[in-house]
Amino acid sequence: GREAPPLERIARAIARDPQSQADFRRLLAQAAAGSRAIASLSLCDARGVAAGWFAISVNPIAGRPGYSFWSLEDITVRHEMEEVIRDERNKLGDFLDSAPIGFYSLESEGRFLFVNETLAHWLGLAAGEIVATGARLQDFLARPAPAGAPLYAPFEGEGMGEVVLKSREGRLFPVAIRQSVVGEGAELKTRSVVRDLTRERQWEAALRLSRERFQRFFDNAPVGIALIDRQGRLEEANRAMGALLGAPPKALIGQKLIDFVQEDDRRDFSSRLKRAASKGRPGPFEIRFKRPREKTAVAYLSGLEGGEGGEGGLMLHLIDVTEQKHLEIQFTQSQKMQAVGQLAGGVAHDFNNLLTAMIGFCDLLLQRFRPGDPSFADIMQIRQNANRAANLVRQLLAFSRQQTLQPRILDITDVVVELSHLLRRLIGENIELKVVLGRDLGLAKVDQGQLEQVIINLAVNARDAMPQGGRLTIRTANFATPQPLRRGLEVMPVGDYVLIEVADTGIGIAKEDLERIFEPFFSTKEVGSGTGLGLSTVYGIVKQTGGFIFVDSLPGRGAVFQIYLPRFESAEGAASERAEGGEGGESETAAARDLTGIGTVLLVEDDDPVRIFGARALRNKGYRVIEARSGEAALEVMRESGETIDLIVTDVVMPRIDGPELVRKVREGDPGMKVIFISGYAEDSFRQSLGSGAGTHLLPKPFSLKQLAAKVKEVLNGQPG
């Protein structure tokens, strides 16, 4: 058929591309208007397959109105290249805008020529808004740029610097800026990269905090921590480690740890170091250090992995157990003292029975001989030695805190003054005795004889510590502690006390001996120069009285013993107790003149010699005596004899039914029964077991014939117990 006009063929060949169709309509309109026009169109062949891109230009023909010249040029290859370039440019622009880092460019006056979206977002504005408004970098600085900095740089120089930017909302954030400058004068431009340092600063702060926290944990740890290399040299040490080794931690760096270890422990420590270095894990072990003073620690060793294949060092933890070791030793000593005390108490009970019989039968024998008789002197020797043995037993009981005390309300000043005359003769002429008495000294409830024994023992020890002479000072004072006072393992409660201080200028006591000074049988004197019971007796008496005793000493500077006795505050109680003590003394004086009496006495004693002696002694004084070998026998005698018993004299400790139990059963039927307990044990122990102390008296073993007769007459005559 007939071919269509050229323009219609072009219109049919235009691809179904809205842009190409619109451009073709524009060409037609401009050609009709007689104007020049050009456009790039996508054309297809007759089958509708894309034939490529063509540049179509329209030029009007001069002198021929309404006519124009159309030319077509195949630009498919060029168009494809332009598409690739345009796509790459778009990708680059998108990358610059969306990169997690800021980009900008400034002109010479510091105005923004370009800002990527990331930096604009940090600043709280749109990129176009920043450029369009002519904003300057200076507008976003939290602090003005240095005076010497150019307008296009927030810092001196042109390379790199750190500044703090401020967003439109006022948020401050640190950034690092690296920039280069191209061109000069009006053509100058910057190419700048901005890195937000906020997260980095947070990491740095967290890391710094972590390091500081670890350093605090390391330095202030209550256990010694150290890093040591494979050769055993210290690389790092904390304060606790310095305290253990006796040097500042910095001074320890580079030193060999084994140099601080005691000689006896070095071989074992070296072997454990080698085991730990060879990937072994030695268990905890004890190690002793030699300076500044002997310390004992439990050590834990473990290997550390080396970095980049190198050999790692060793981690050492040390727990100071010096005090724990001391406590273990003291606890062992305490157990030993307690065991010896219990043994002493048990031995003293039996021994007092023997001494009572010995002294008693000596008294019976002495009644048969006159003082000029040779046998009289021999019996007196036996009796005196028995009394010496009784004193030794009293020391044992004092140590075991089981001696019989007869506390009275005393003015300590009077006791010290009376005792000072004896002490002056006791300590010798080459020792000066100085007595310093406190004013308005408080009263104390103590056994006067035992207190005097305490002071005498301390004075004798002081004398022996000053063989070349010196000064012995006894000082008394009132003492009050508003809060518990800790001295070593002892804690003295809050309260008022009377202080008795005995100080000397002698050779002093070695530090290692101070912890054992009150142990029984411990003595620093030569063999044969003492029993070793002196200070343990002092300790036992003071503790049984409810007091405390402390000692301070340095070798060559003497020793100071401080005794704190609880202060007795009741003046009325003191007056009444003194009055009772006075009456007792008068009755004893009266009884000493006439020890005979009448009445029926039930004597209960399981030890035959003591019972036989007691019965003979009382019968000789005119009493009817009924004997019983046990508590059960005594109850049976009372049931069957039908006699009226005026007084029961009974031992405290007996098998099955003891003295207190016997008295309770008797008083169920006869509440007013008078009782004398005979025992070597403490009065308080059986008074508590008896309940009420009314009508009960104590005669401590060993006792003499006169003491037994005097006590019986005193009780039967109605003297108070």
Return P(r) of the stretch 10-152 (all Cα-Cα pairs; 10 Å bins starting at 0; whole %; ordered from short to long distances). 10, 24, 17, 16, 18, 11, 3, 0
List the residues, sorted by chain then number, that are 5 or more residues from LEU554 or on another chain and whose placed amide H is less than 5 Å from its amide H. ILE509
Quick one: 3J(HN,Hα) in Hz for the stretch 25-36, Karplus 6.51/-1.76/1.60 with θ = phi - 60°, rounded, Gly and Pro as x. 5, 5, 4, 4, 5, 5, 5, 5, 8, x, 9, 7
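Peptides 100-106, 374-380, 658-664: what's the order by average Cβ count within 10 Å, highest mean first?
Details: 100-106: 18.0, 374-380: 13.3, 658-664: 20.9.
Per-residue mean Cβ counts within 10 Å order the peptides as 658-664, 100-106, 374-380.
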Distant-in-sequence amide H partners of GLN255 (H built 1.01 Å from N, under 5 Å): LEU234
For the stretch 1-73, report the translational diffusion coefficient in µm²/s to the nearest whole number, using Stokes-Einstein at 20 °C, 1.002 mPa s, and a Kirkwood Rh over Cα pairs. 168 µm²/s
Can you give the local net charge around LYS166? Use residues other than it whose beta-carbon is closer than 14 angstrom to its beta-carbon, Lys and Arg +1, Asp and Glu -1. +1
With only Lys, Arg, Asp and Glu charged, each at its Cβ (+1 for the first two, -1 for the last two), find how big the charge dipole of the stretch 154-233 is about the Cα centre; round to the nearest 20 debye. 420 debye
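Send over a whole-number figure in Å² for the accessible area per residue of the stretch 148-298, probe 1.4 Å. Display every interim value, and only then the final one.
Details: 9050 Å² over 151 residues.
Result: 60 Å² per residue.
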Highest mean packing first, using Cβ neighbours within 10 angstrom, the peptides 70-81, 468-479 sort as 468-479, 70-81
Which order do the peptides 540-547, 209-216 come out in when sorted by mean C-beta neighbours inside 10 angstrom, highest first? 540-547, 209-216
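May I ask which of LYS290/LYS543; LYS665/LYS711; LYS325/LYS445; LYS336/LYS445; LYS256/LYS511 have a Cα-Cα span longer than 26 Å here?
Working: LYS290/LYS543 37 Å; LYS665/LYS711 23 Å; LYS325/LYS445 38 Å; LYS336/LYS445 30 Å; LYS256/LYS511 30 Å.
Distance filter (> 26 Å) returns LYS290/LYS543; LYS325/LYS445; LYS336/LYS445; LYS256/LYS511.
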Which length gain, in nm to one decimal place, applies between ARG424 and ILE101 when the Cα-Cα distance is subtracted from 0.36 nm times their residue separation? 106.4 nm
Amide H of SER108 versus every other amide H placed in the peptide plane: which residues, excluding those fewer than 5 positions away on the same chain, fall under 5 Å? LEU188
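The values are calculated or read from the model by the stated rules, or taken from the named source; none is laboratory data. In this text, all values refer to a predicted model and were calculated from it rather than measured experimentally. No Cβ is skipped: glycine too gets one built from the backbone with ideal geometry, and neighbour counts run over all protein chains shown. Areas reflect the complete protein model, heavy atoms only, side chains present, ligands, DNA and RNA absent. Shrake-Rupley method; radii C 1.70, N 1.55, O 1.52, S 1.80 Å.
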